[in-house]
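A.B. asks: Before I ask anything, let me first share the structure, which is written out below as structure tokens.
The values are calculated or read from the model by the stated rules, or taken from the named source; none is laboratory data. It should be emphasised that the depicted structure is a prediction, and the values quoted were computed from it without experimental measurement. Ideal geometry is used to build each Cβ from the backbone, glycine not excepted, and the neighbour counts take in all protein chains shown. To get the accessible areas, we keep the full protein, side chains included, count just its heavy atoms, and leave off ligands, DNA and RNA. Shrake-Rupley method; radii C 1.70, N 1.55, O 1.52, S 1.80 Å.
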Amino acid sequence: MRIAMTRKIPAVAQDILQSIGDVDVWPEQMPPSPDKLLELTDGCDGILSTLNDRIDGAFLDQVPSVKVVSNFAVGYDNINVDDCTARGVAVCITPDVLTDTTADFAFALLLAAARRVSESHQSIPRGEWKTWEPLGYLGQDVHGSTLGIVGMGRIGVAMAKRAAGFNMPVIYSDMYRNEKAEQELGVKHVDFDEVLTRSDFISVHVPLTPETRQLFGAAEFEKMKESAVLINTSRGPVVDTNALVDALNSGKIWGAGLDVTDPEPLPADHPLLENEKAVVCPHIASASETTRSRMAQLAAENVKAVLTGETPPRCLNPEVLSRG
Ligand code: GLV
């Protein structure tokens, strides 16, 4: 058995995979190019991928030995699942283990953007802290403000739980009602427009799909409150970046906390970084030591299970498993 790992991830993954075969790990900091990915995966049985690898039919047709693609992520917009299913390739992901860590970070961005944490910190090394300022760095109160959650899945629910501690009424939009969350947390389902017009903070927790691509554009920012703050820890292309820059620069919305951007990585001279009301981080929401190890373990267990004929813990297309 041969397994290709497209990046270095916590060691537990390699320990698990070495128990069933040979493991080839891409050694560099930058992800492999499509050509290098083909070289690395040539003839392998399983791939432990990251969100940087594009896995689709054209790729799989060149590596027909592959039986499982296990993404080291909960999001899987880098993988064409239908193409995998058509070729009998199992697709696995790492949900649940990163839910709370990601929600912690979404809330950290919310607080940081609202209370201007990063911007005021950065003023100190510039020598701008001359005295206590009665009018300096006035922000938006978090407690008691209305939080709008777009996408009430696992991470949306975890975000709503955190908001309860800040006495924030929570409204949400989602194509599916989450009645459990409504009963247990008192969150209220409204339509997307109502989230836009009523929320003081909007936190996005949807997967990237054709329906959610550019969900937030000029028209949506127009409807939001001028005091509103947008938090995005989902995928960058859910937000139209140029429209967001315009909305921030023209004061149509007050601030943003972003862990994901479009493009990614964001160039160092991007206009988004010039607006101090945007707190931007380099896609690190799940990056705690414990959670990245749990993700590595789950991603490896997914590969191992498929290749040893067991049921993988988190498979998106289990129908391929019964085909033998
Ligand atoms: C990270 O973005 C993930 O999808 O796990």
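A.B. asks: What whole-number value in Å² describes the accessible area per residue of the chain for a 1.4 Å probe?
C.D. replies: For the chain, the per-residue accessible area is 48 Å².
A.B. asks: I've got another one for you. Among bridges DSSP assigns within the chain, what percent are antiparallel (round to 5)?
C.D. replies: Here the share of antiparallel DSSP bridges comes out near 5 percent.
A.B. asks: Still on this structure: Within the chain, what's the longest stretch lacking trypsin sites (Lys or Arg not before Pro) that sit in DSSP loops with no more than 12 other Cβ atoms inside 10 Å?
C.D. replies: 178-324
A.B. asks: May I ask you to derive the FRET efficiency for Met1 and Arg213 from their Cβ-Cβ distance with R0 = 41 Å, giving the value to the nearest 0.05?
C.D. replies: 0.65
A.B. asks: Take the chain, connect every pair of alpha-carbon atoms lying under 10 Å apart with a spring to form a Gaussian network, then pick out the residue of Ala300, Ala58, Ala73 with the largest mean-square fluctuation.
C.D. replies: Ala58
A.B. asks: Output the pairs from Lys36/Lys304; Lys130/Lys277; Lys161/Lys277; Lys188/Lys252; Lys8/Lys67; Lys252/Lys277 with a Cα-Cα distance over 19 Å in this structure; if there are none, say none.
C.D. replies: Long pairs (Cα-Cα over 19 Å): Lys36/Lys304; Lys130/Lys277; Lys161/Lys277; Lys188/Lys252; Lys8/Lys67.
A.B. asks: Separate question: Quick check: pseudo-label points 7 Å beyond the Cα along Cα→Cβ at Asp96 and Ala164, how many nm apart are they?
C.D. replies: Result: 2.1 nm between the two label points.
A.B. asks: Using Cα centres only, tell me the gap between region 88-130 and region 178-227 in whole Å.
C.D. replies: Rounded to whole Å, the Cα centres lie 19 Å apart.
A.B. asks: Once the other residues with Cβ under 15 Å from the Cβ of Thr209 are scored (Lys, Arg +1; Asp, Glu -1), what is the net sum?
C.D. replies: -3
A.B. asks: At 7 Å along Cα-to-Cβ for each site, give me the label-to-label distance between Glu276 and Glu319 in nm.
C.D. replies: 5.5
A.B. asks: Could you work out the relative contact order of the chain, using alpha carbon pairs under 8 angstrom and six or more residues apart, expressed as a whole percent?
C.D. replies: 20
A.B. asks: Can you give the FRET efficiency to the nearest 0.05 for Thr290 and Val190, using r as the Cβ-Cβ distance and R₀ = 25 Å?
C.D. replies: 0.10
A.B. asks: Can you put Leu135, Leu273 in order of accessible area, largest first, using a 1.4 Å probe?
C.D. replies: My answer, sorted largest first, is Leu135, Leu273.
A.B. asks: Within region 129-208, which chymotrypsin sites (Phe, Trp or Tyr not before Pro) sit in a loop by DSSP and count at most 10 neighbouring Cβ atoms inside 10 Å?
C.D. replies: Trp132, Tyr176
A.B. asks: Select from the chain the helices, each a whole stretch of DSSP H, whose alpha-carbon atoms run 20 Å or more along the helix axis and whose Kyte-Doolittle mean is at least 1.0; answer none if there are none.
C.D. replies: What comes out of the filter, once short or polar helices are dropped, is 99-114.
A.B. asks: Taking the Cα atoms of region 99-280, what is the range of coordinates along each of the three principal axes, in descending order and whole Å?
C.D. replies: Principal axes ranked by extent give 52, 34, 29 Å for the Cα atoms.
A.B. asks: Another question, if that's okay. So between Ser33 and Thr197, what do we pick up on full extension, going 0.36 nm a residue minus the alpha carbon distance?
C.D. replies: 54.8 nm
A.B. asks: Over region 99-280, what is the relative contact order in percent, taking alpha-carbon pairs closer than 8 angstrom and at least six residues apart?
C.D. replies: The value is 21 percent.
A.B. asks: Continuing with this model, one more query. Find how much the distance from Arg87 to Thr50 grows on full extension, using 0.36 nm per residue of separation minus their present alpha carbon separation; answer in nm with one decimal.
C.D. replies: This chain segment gains 11.3 nm when fully extended.
A.B. asks: Using a simple spin-label model with points 7 Å from Cα along the Cα→Cβ vector, what separation in nm is obtained for Glu226 and Tyr137?
C.D. replies: Each label point is offset 7 Å from its Cα along the Cβ direction, giving 2.5 nm.
A.B. asks: Also: Net charge around Trp26, counting only other residues with Cβ within less than 9 Å of its Cβ (Lys, Arg = +1; Asp, Glu = -1)?
C.D. replies: +1
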